[in-house]
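Undergrad: Below: one structure in structure tokens.
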Amino acid sequence: RTLFMLVNSVVIALGFVGLIWGADKFVYGASALARSAGVSPLLIGLTIVAFGTSAPEIFSSAVSALENKPELAIGNAFGSNLFNIGVALGVAAILRPLTPPKSLVKKEIPALLLVTFVTGALLFDLFVGFFDAMVLIALTAFLGYKILSNKASRLELIAEAGDAGEAGQANDEAIPAPDETEPVKAWQAIAYLVLGLILLIVSAEALVAAASAIAETLGVSEAVIGLTIVALGTSLPELAASITCVLKGHYDLAIGNIVGSNILNLLAVLPFPGLLSPGLIQAPLLFRDYAAVTLLTLVLSAFCYYAVTRGKQLGRLSGVLFLSVYCGWFAIML
């Protein structure tokens with residue numbers, strides 16, 4: 001038993017090392033890709049980084065739906081959204097004040113609110129089914145189209161700006177350079193991005209497995225393991241990536257990662273139970289957990305709107321409030 005505990009403790013330590021190093025490479029690759037592709041770090045954070053860090057939730061929810069456990073999949077999505085704002089963004093704001101980009105309150109925050117309210121309306125009858133999944137898939141297609149059309153419009157504006165030198169200058173001003181001074185090619189940025197993502201997912205899975213094994217050996221119940229270790233494990237990539245983004249000064253990536261991940265957690269996760277294991281859900285999942293998700297989303301939206309319109313930041317007070325709401329929900333849940 002002592003050897004078993006020692007081995008799993010080493011795996012946990014290596015898991016945290018992998019998370020830290022993987023997050024560093026992942027964020028570096030994302031910022032370099034944004035610069036080489038000529039798009040904003042916020043857009044990269046909302047799409048590639050958000051999808052990458054949401055991969056554990058998506059995979060685990062698909063498996064849960066296949067095993068006819070729809071509530072586990074839905075709970076995973078809600079719990080991850082709560083953790084992303086309450087802990088990941090809360091800790092990031094405590095470490096460094098965040099400056100939300102102006103476009104956030106015009107496009108991305110309204111999209112997050114729309115997805116959140118549509119999800120609540122679909123689940124209000126305490127049933128998840130084929131119709132709910134189709135609505136969410138249609139909403140995913142709509143938002144994807146809007147993102148691509150905005151990107152196309154931006155490229156047209158750059159093309160109309162004049163010669164290539166002026167466009168390149170505009171891009172250099174709009175997109176911060178990566179930490180290293182030497183230019184990074186697109187394939188190198190993608191390689192860093194993929195390597196970092198693999199390390200994040202593998203490290204998170206290894207950490208969760210080892211911590212769960214230790215908890216079971218110590219006699220901790222499966223319910224407590226699921227509410228703590230597993231919930232933390234699937235959201236560790238978001239936490240690691242957000243903290244690394246903040247420490248490196250990529251605030252757009254940090255906020256975009258959280259907002260994009262929360263949108264994906266609802267749009268990409270919830271269709272699985274609707275398509276693969278439709279059925280009734282328990283009332284607390286809606287009136288307790290979804291209500292907490294909505295509350296934190298509204299608080300985040302209000303703070304971002306205030307910061308952008310008043311020229312302020314999401315400071316330590318905001319971070320403490322996010323953490324407090326999450327802790328309050330966690331206490332009620334237990």
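The values are calculated or read from the model by the stated rules, or taken from the named source; none is laboratory data. All of these numbers come straight from a predicted model, not from anything done at the bench. The area values use the complete protein model at the heavy-atom level, side chains included, leaving out ligands, DNA and RNA. Shrake-Rupley method; radii C 1.70, N 1.55, O 1.52, S 1.80 Å.
Undergrad: Please work out the C-alpha center-to-center distance from the stretch 124-145 to the stretch 239-310 and express it in whole Å.
TA: 17
Undergrad: Can you work out the accessible area per residue across the stretch 268-334, with the rest of the protein chains kept in place, probe 1.4 Å, in square angstrom? Don't skip to the answer; put the middle values down first.
TA: Details: 3380 Å² over 67 residues.
Here the per-residue accessible area is 51 Å².
Undergrad: Rounded, prolate or oblate, given the Cα gyration tensor of the stretch 70-136, with a/c below 1.5 counting as rounded?
TA: Values: a/c = 3.90, a/b = 1.68, b/c = 2.33.
In terms of gyration-tensor shape, oblate.
Undergrad: Assuming a ≥ b ≥ c are the square roots of the Cα gyration tensor eigenvalues, decide whether the stretch 240-334 counts as rounded (a/c under 1.5), prolate (otherwise, with a/b larger than b/c) or oblate. Don't skip to the answer; put the middle values down first.
TA: Details: a/c = 2.23, a/b = 1.60, b/c = 1.39.
Judged from the Cα gyration tensor, the stretch 240-334 comes out prolate (a/c at least 1.5, a/b above b/c).
Undergrad: Which entries in LYS25/LYS185; LYS146/LYS185; LYS107/LYS312; LYS25/LYS107 show an alpha-carbon gap greater than 22 Å? Walk me through the numbers on the way to the answer.
TA: Numbers: LYS25/LYS185 15 Å; LYS146/LYS185 28 Å; LYS107/LYS312 19 Å; LYS25/LYS107 28 Å.
Table pairs above 22 Å Cα-Cα are LYS146/LYS185; LYS25/LYS107.
Undergrad: Here's a follow-up. PHE127's amide H: which non-local residues (gap 5+, or another chain) put their own amide H closer than 5 Å, with H modeled 1.01 Å from N in plane and none for Pro or chain starts?
TA: For PHE127, whose amide H was placed from the backbone, the distant partners under 5 Å are ILE281.
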